[in-house]
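If you scroll down you'll find the structure; I have some questions about it.
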Amino acid sequence: MIMTTTAQKVEAEKVEKDIILDIQELSVYYGKFRAVNGVSIPVERHKVVSLIGPSGCGKSTLLRSLNRMNDLIPTARVEGKVLFQGEDLYAPGADPIDIRFRVGMVFQKPNPFPKSIYDNVAFGPRINGFKGKLDDLVEESLRQAALWDEVKDRLKDSAYALSGGQQQRLCIARTLAVRPELILMDEPCSALDPIATLAIEDLIHQLQEQYTIVIVTHNMQQAGRVSDYTAFMNMDADRAGYLVEYDATQQIFTNPQDKRTEDYISGRFG
Amino acid sequence: MTVSLPAPAAVRRARSRSLLSRATEWVVERLLLVCAFVSIGTTFGIVAILGVETLAFFQQVPLFAFFTDTQWTPLFSDKHYGILPLLSGTLLVAGGAMLVALPVGLLAAVYLSEYAPVRVRAVLKPALEVLAGVPTVVYGYFALLFVTPILQTLVPGTEVFNAASASIVMGIMIIPLVSSLSEDAMSAVPRSLREAALALGATRQETTVKVVIPAAASGIMASFILTASRAIGETMIVAIAAGLQPKLTLNPFESVETMTAYIVQVSLGDTPHGSLEYQTIFAVGTALFVLTFLLNVVSLGVVRRFREQYQ
Amino acid sequence: MSISRQERNLAGRRRGDRIFGFVGLGATVLGLLVLVVLIVDVAKDGLPNLNWEFITSFPSRRPGQAGILSALVGSIYMLSLVALIALPLGVGAAIFLEEYEKRGWLASLIQINIQNLAGVPSVVYGLLGLGLFVRLLGFERSLLSGALTMALLVLPIVIIAAQEAIKAVPPSLREAAYALGATKWQMIWHVVLPSAFPGILTGVILALSRAIGESAPLITIGALTFIAFLPDGPFSPFTVLPIQIFNWVSRPQAGFHDRAAAGILLLLAVLLSMNAIAVYLRNKLQRKW
């Protein structure tokens, strides 16, 4: 059977490719409503994976199930597995606090705390009992987020004094400060102007050397620019999101295997 | 066919009707204006009545003595008119009530806003509001006849009338004031801030203490100030349970007298209009009014500021 | 430069989170527990004394014979007068603020003024009543003086509730009335007020339940605490339930304390039924748009 050989090939590739996150047949429900239906995506270490698809197709829901942020919605539940470094995030003993520490998240709109720039970055290390030199950690995180030069002289200023693009890079620095093994980004540029968007995209490229990133975007050009792999999702008649195609970004954009992907890429719907 | 024009009489009737209705509109609007002005008139009336009688009071009692004399004995033969003992009694009882209401109310607000499942919240929140709806005279009964005997066993030497039992019971009564206003302030903190903290691996407790409460600080502060104002103005609990002895003391197990209780005490007697005793309650009332008014203004100002915070 | 597992102390923080949640729940329930203890304590002393004779007797110097009739009737008279005064004034002010003068300095002055009045201690209203109604207007220590004082005290509650109710009437209804040639007042009288009525009614009942429990302002205007007759008109002396209860609590004899407990039960029962009526009326009359 073709299906079996494909599955076997995928399994063989996973071993070869150092898979950090393996989403297996994941479905997410809100009460009776199924938002995501049977999605499987393997994510390779130090790669950027983008999730694209029409709005409402469950991209953000899928992303939020990767660090158990969906737990905050009382009616949400999942079926399937999310293996992170080989451990199932939804195994009975799995601790969402620990998972969120290891899987960082950057949100749609910049959401700095109403605190100083320094305190924003130091928040994660502080609550996690960091005993090393906090100043160094903050500086290093801000440097990684390409924000250090702009804010080094005003670390005590309120984070709200920064521009939108700077705030989003501050949120990225805040995420980096706890040294996550995987970073989730939920349309991180949707509230930003084109120049700030380019700065974030450059940053994603640089971060790739040390981190693995899964990014949701509604902007196909962005997916093309930043990601190594792209997953195209769509929704069925019941508005449940499913995975249409997952492949190397170049492949998806130049030679999609599925008609629906081709239609979406060429702008025929969505 | 010709269209028949309305008869002149009918036109005249219609015009007079429209004149009448215009007159009605004019009168109604003036009447409604008067209704709206009753509230302004109330404030004006309070200031005027308190002002006139207080001025008359200060023509006989020097302002300096009023603020520095450590005795308040207008009803005795050796008369002293120092507000300090009444003020200290008021602050002692109100302070004690705040000691109960602030931590309990704030924790309840935290629970209702950050922890409680939707259904539990739907039951507990209105149930808690009931506390504020029970008449204060009922709390007075409870303080004097239930709490005081317990205090007397726990702390030997507690007087029958004491500040502590009034404080405790008043503190319970004003819990909903703290909790509902603080909860409003915490609910106004955007969800995205909570998510940011949780996404960094913070627990709910850490998110609450380090993000939500600091972000809601001014709203919570406003609720504290408003509650203080309410505690200072509360009358029946203290009149029943805290006693009627103006005393400059910080011992909560002794009997004291608050400003409000003094007004009640004099009102229960038969003081002739125009006498100095009669004027004392207006002087005390003015002090009370100014104190609570300032607290209310500060609190409203703080609330207004916190509303603009996330714009 | 990463954070070690040991530093992170996950188990301890999880425990802290759980404890915090439990403490919060405890704080929320604490007040309710006190309320239960209070009601049980009052019921224990009050129930044996709460009978028909207690309700239909006048107060007496002997605790065993003391009844609450004059206070109950006084409360009922007073609430009726307060409703008669506060309802038109409050609704009128709310209509003015919502339909005539929505913006501008006058509206915001009145609005701020109402907010501040809501925070004035009730005993200060008593001083206003004493100076204005009892002395200046010469109504003496009558039912009318008490009702006027109490009406001013609850007016902010009525105005705010009526404003909310009027705000909730959809603009499309107003436009429909205007489109049929109604004048402004006709529109308000025939369209806005009927639609806002359930909300206004709920607000008035809430205001009255505040009024029935208040005693400080009435004591301040000099309401008597011992009245062995029924009020025969607005200028008659009077007493009300909370004042009678206060009077009994303040006496040293335990017999009077039991009477106070019975009085409290009666007061709470009246309060409870008023709130139940408010909820019932709101649900029954509520319009669905």
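So that you can scan it fast, the table gives a plain yes or no per residue for (1) under 30 Å from C:ASN9 (Cα atoms); (2) in contact with a His (Cβ under 6 Å, 6 or more places away or on another chain); (3) surrounded by 22 or more Cβ atoms within 10 Å (Cβ to Cβ):
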site	(1), (2), (3)
B:GLN152	no, no, no
B:ALA164	no, no, yes
B:GLY171	no, no, yes
B:ALA216	yes, no, yes
B:MET221	no, no, no
B:ALA228	no, no, yes
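So B:THR158 clears everything in (1) assigned to a helix (DSSP H, G or I); (2) away from chain C (no Cβ under 11 Å); (3) of a type outside the set (Asp, Glu) except one condition, right? Which one?
Going through the list (1) assigned to a helix (DSSP H, G or I); (2) away from chain C (no Cβ under 11 Å); (3) of a type outside the set (Asp, Glu), B:THR158 breaks only (1).
Just one of the numbered conditions (1) farther than 20 Å from A:LEU62 by Cβ; (2) surrounded by 21 or more Cβ atoms within 10 Å (Cβ to Cβ) is not true of A:VAL214; which one?
(1)
For the subset of region A:30-85 comprising residues that are crowded, with 18+ Cβ neighbours inside 10 Å and polar (S, T, N, Q), which member is nearest to A:PRO96 (Cα to Cα)?
Ranking the candidates gives A:ASN67 first.
Going residue by residue through region A:151-172, is there one that turns out to be surrounded by 18 or more Cβ atoms within 10 Å (Cβ to Cβ), in contact (Cβ under 8 Å) with a residue 40 or more places away in the chain and touching a strand residue (DSSP E or B) at 6+ places or on another chain (Cβ under 6 Å)?
Yes: one or more hits.
So how many residues does region B:134-145 have that are more than 7 Å from chain C (Cβ to nearest Cβ) and without any contact (Cβ under 8 Å) to a residue 40 or more places away in the chain?
Qualifying residue count for the region: 1.
Kindly state which helices (runs of 4 or more DSSP H) lie completely within region C:48-151 and contain at least 2 residues that are within 10 Å of chain B (Cβ to nearest Cβ).
Passing ranges, in order: C:69-95, C:105-118, C:122-129.
Pairs needed: first member in region B:19-44, free of Cβ contacts under 8 Å to residues at least 24 places away in the same chain and not assigned by TED's automatic domain parsing to the domain that holds B:VAL290; second member anywhere, part of a helix (DSSP H, G or I) and hydroxyl-bearing (Ser, Thr, Tyr); C-beta distance under 7 Å; at least 6 residues apart or different chains.
Note: pairs meeting the criteria are B:GLU29/C:TYR100; B:LEU32/C:TYR100.
Looking at the structure I just gave you, is A:LEU176 touching a Ser or Thr at 6+ places or on another chain (Cβ under 8 Å), hydrophobic (A, V, I, L, M, F, W, C) and more than 22 Å from A:SER65 (Cβ to Cβ)?
So A:LEU176 passes the test.
Moving to a separate point now. Quick one: is B:LEU91 at pLDDT 90 or above and outside the structural domain of B:PHE161 (by TED's automatic domain parsing)?
Against the criterion (at pLDDT 90 or above and outside the structural domain of B:PHE161 (by TED's automatic domain parsing)), B:LEU91 does not qualify.
Another question, if that's okay. Go over the candidates C:VAL36, C:VAL23, C:VAL40 one by one and state the one that is within 12 Å of chain B (Cβ to nearest Cβ) and touching a helix residue (DSSP H, G or I) at 6+ places or on another chain (Cβ under 8 Å).
Of the residues listed, the single one that is within 12 Å of chain B (Cβ to nearest Cβ) and touching a helix residue (DSSP H, G or I) at 6+ places or on another chain (Cβ under 8 Å) is C:VAL23.
Here's a follow-up. Inside region C:211-238, can you point out the residues that are within 15 Å of B:VAL264 (Cβ to Cβ) and touching a residue at least 60 places away in the same chain (Cβ under 8 Å)?
Selection gives C:GLU214, C:ALA216, C:PRO217, C:LEU218, C:ILE219, C:THR220, C:ILE221, C:GLY222, C:ALA223, C:LEU224.
Could you name every one of the strands (runs of 3 or more DSSP E) located completely within region A:208-268 that has at least 1 residues being within 15 Å of the chain's Cα centre (by Cα) and of a type in the set (Val, Ile, Thr)? Working first, answer last.
On the way: elements: A:212-216, A:229-235, A:241-248.
Qualifying strands (runs of 3 or more DSSP E): A:212-216, A:229-235.
Those residues that are farther than 19 Å from C:VAL34 by Cα and more than 9 Å from chain C (Cβ to nearest Cβ), I need them from region B:99-120; list them, please.
If the condition is that a residue be farther than 19 Å from C:VAL34 by Cα and more than 9 Å from chain C (Cβ to nearest Cβ), then B:SER113, B:PRO117, B:VAL118, B:ARG119 are the ones that fit.
Could you pull out the residue among B:THR148, B:THR153 that is more than 30 Å from A:ARG68 (Cβ to Cβ), more than 16 Å from the chain's Cα centre (by Cα) and touching a residue at least 24 places away in the same chain (Cβ under 8 Å)?
B:THR148 is the lone residue from the list that is more than 30 Å from A:ARG68 (Cβ to Cβ), more than 16 Å from the chain's Cα centre (by Cα) and touching a residue at least 24 places away in the same chain (Cβ under 8 Å).
For every residue, the table says whether it meets (1) out of contact with any helix residue (DSSP H, G or I) (no Cβ under 7 Å at 6 or more places or on another chain); (2) away from chain B (no Cβ under 14 Å); (3) crowded, with 17+ Cβ neighbours inside 10 Å.
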| residue | (1), (2), (3) |
| --- | --- |
| A:ALA91 | yes, yes, no |
| A:PRO96 | no, no, yes |
| A:PHE123 | no, no, yes |
| A:GLY132 | yes, yes, no |
| A:GLU140 | yes, yes, yes |
| A:ALA146 | no, yes, yes |
| A:LEU176 | no, no, yes |
| A:ARG179 | yes, no, yes |
| A:PRO188 | no, no, yes |
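Report yes if B:LEU250 is surrounded by fewer than 21 Cβ atoms within 10 Å (Cβ to Cβ), more than 19 Å from the chain's Cα centre (by Cα) and farther than 20 Å from C:ALA118 by Cα, otherwise no.
Yes; evaluated as a whole, the condition is true for this residue.
On to the next question. Please go through region A:69-86 and pick out each residue that is away from every other protein chain (no Cβ under 14 Å) and without any contact (Cβ under 8 Å) to a residue 12 or more places away in the chain.
A:GLY86
Could you tell me which numbered condition C:PHE22 fails, if it satisfies all but one of (1) at pLDDT 95 or above; (2) more than 30 Å from B:LEU198 (Cα to Cα)?
Every listed condition holds for C:PHE22 apart from (2).
What number of residues within region A:97-136 satisfy the criterion of being among the hydroxyl-bearing types (Ser, Thr, Tyr) and either assigned to a strand (DSSP E or B) or without any contact (Cβ under 8 Å) to a residue 12 or more places away in the chain (or both)?
Residues meeting the conditions: 1.
Does B:VAL104 satisfy the condition of being in contact (Cβ under 8 Å) with a residue 12 or more places away in the chain, outside any helix (DSSP H, G or I) and closer than 30 Å to A:PRO96 by Cα?
Considered against the rule, which asks whether it is in contact (Cβ under 8 Å) with a residue 12 or more places away in the chain, outside any helix (DSSP H, G or I) and closer than 30 Å to A:PRO96 by Cα, B:VAL104 comes out as no.
The values are calculated or read from the model by the stated rules, or taken from the named source; none is laboratory data. Nothing here was measured: the structure is a model prediction, and the numbers come from that model. With ideal geometry, Cβ positions are generated from the backbone for all residues, glycine too; neighbour counts draw on all protein chains shown.
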